[in-house]
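What follows is a single structure, written as structure tokens, with notes after it.
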Amino acid sequence: MGKQLEDLAVELFEINAVKFGSFVTKAGLQTPVYFDLRVIISHPRLMKSVSSLLWTLVEKGKNISQICGVPYTALPIATLVSVEENIPMLIRRKEAKTYGTKKLIEGQFKAGENCVIIEDVVTTGSSVLETAKDLTDEGLKVEEAIVILDRQQGGSQNLKAKGIQMKSLYTLNSLMQHLLNAGKVTPANVEDVKNYLEQNQVQLNSKE
């Protein structure tokens with residue numbers, strides 16, 4: 001899968017989903033690299049490639065009854081996975097409706113069913129944990145999250161501490177290495193990111 005991941009990394013770079021400069025993350029941290037994966041909705045073929053590769057992270061033969069994309073960027077990816085793999089999908093609302101059923105989780109499910117969470121980028125893991133809480137509050141089991149990019153700033157460890165195993169297509173370092181191999185970034189860019197990660201680990205109570 002190495003060549004596929006490198007090709008995908010280059011495509012993400014070329015559609016400007018990977019940006020270099022000076023940015024502020026949702027956690028309030030300055031960062032030299034930013035990921036805007038929302039742009040993939042304008043590239044259907046690429047979005048399909050992402051969803052297909054992402055699903056390969058799930059253990060074969062595992063009994064998965066539901067999937068749920070973290071709103072909002074992961075929703076189209078989760079939708080594609082649902083259709084391609086014929087697995088029911090749930091939608092977690094940012095806030096419960098104030099009318100009608102007033103549901104927070106949309107879709108049909110039974111208590112005890114196993115639900116895999118899909119996310120685009122994880123920093124602290126807080127968005128995944130918020131989604132997992134709402135799902136488990138409804139009686140669902142959440143033991144696994146699959147993500148496109150792990151920024152390597154504490155998210156995987158934070159999720160593991162809450163009983164959720166996270167698997168990612170890329171870590172920030174592996175993505176940078178793919179881009180370096182393809183001649184899209186310089187060794188100096190890679191070193192800047194490495195130094196940034198060493199100096200910017202975040203706590204669980206930080207907002208992602």
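Kindly indicate which of Asp150, Asp120 is more than 21 Å from Gln66 (Cβ to Cβ), of a type outside the set (Phe, Trp, Tyr), crowded, with 16+ Cβ neighbours inside 10 Å and under 12 Å from the mean Cα position of the chain (by Cα).
Asp150
Looking only at residues in region 21-48 that are of a type in the set (S, T, N, Q) and either surrounded by 18 or more Cβ atoms within 10 Å (Cβ to Cβ) or within 19 Å of Val193 (Cα to Cα) (or both), the one that is farthest from the chain's Cα centre (by Cα) is Ser22. Within region 60-76, residues that are closer than 23 Å to Asp36 by Cα and in contact (Cβ under 8 Å) with a residue 12 or more places away in the chain have Cβ atoms under 6 Å from residues that are in a loop (DSSP other than H, G, I, E, B) and of a type outside the set (A, V, I, L, M, F, W, C) in these pairs: Pro71/Lys94, counting only partners at least 6 apart in sequence or on another chain. The residue that is surrounded by the most Cβ atoms within 10 Å (Cβ to Cβ), among those in region 171-208 that are modelled with pLDDT of 95 or more and within 18 Å of the chain's Cα centre (by Cα), is Leu175.
In region 50-59, is there at least one residue being surrounded by fewer than 18 Cβ atoms within 10 Å (Cβ to Cβ), under 17 Å from Gln108 (Cα atoms) and aliphatic (A, V, I, L, M)? The answer is no; no qualifying residue exists.
For Ser168, the test of being without any contact (Cβ under 8 Å) to a residue 40 or more places away in the chain and crowded, with 17+ Cβ neighbours inside 10 Å is failed.
Restricting attention to region 77-86, the residues being among the polar types (S, T, N, Q) and either at positive phi or touching a residue at least 12 places away in the same chain (Cβ under 8 Å) (or both) number 2.
The helices (runs of 4 or more DSSP H) found entirely in region 1-111 that carry 1 or more residues being of a type in the set (Lys, Arg) and farther than 15 Å from Val121 by Cβ are 2-14, 44-55.
Residue pairs whose Cβ atoms lie under 9 Å apart, sitting 6 or more positions apart in sequence or on different chains, and linking a residue in region 1-26 that is in contact (Cβ under 8 Å) with a residue 24 or more places away in the chain and β-branched (Val, Ile, Thr) to a partner that is surrounded by 15 or more Cβ atoms within 10 Å (Cβ to Cβ) and assigned to a strand (DSSP E or B), are Val18/Val33; Val18/Tyr34; Val18/Phe35; Thr25/Thr31; Thr25/Tyr34. Checking the stated criteria, Leu159 turns out to be surrounded by 14 or more Cβ atoms within 10 Å (Cβ to Cβ), at pLDDT 95 or above, assigned to a helix (DSSP H, G or I) and in contact with a Gly (Cβ under 8 Å, 6 or more places away or on another chain).
The values are calculated or read from the model by the stated rules, or taken from the named source; none is laboratory data. Because the structure is predicted, anything quoted here is derived from the model rather than measured. Glycine gets a Cβ as well: all are built from the backbone with ideal geometry, and neighbour counts include every protein chain shown.
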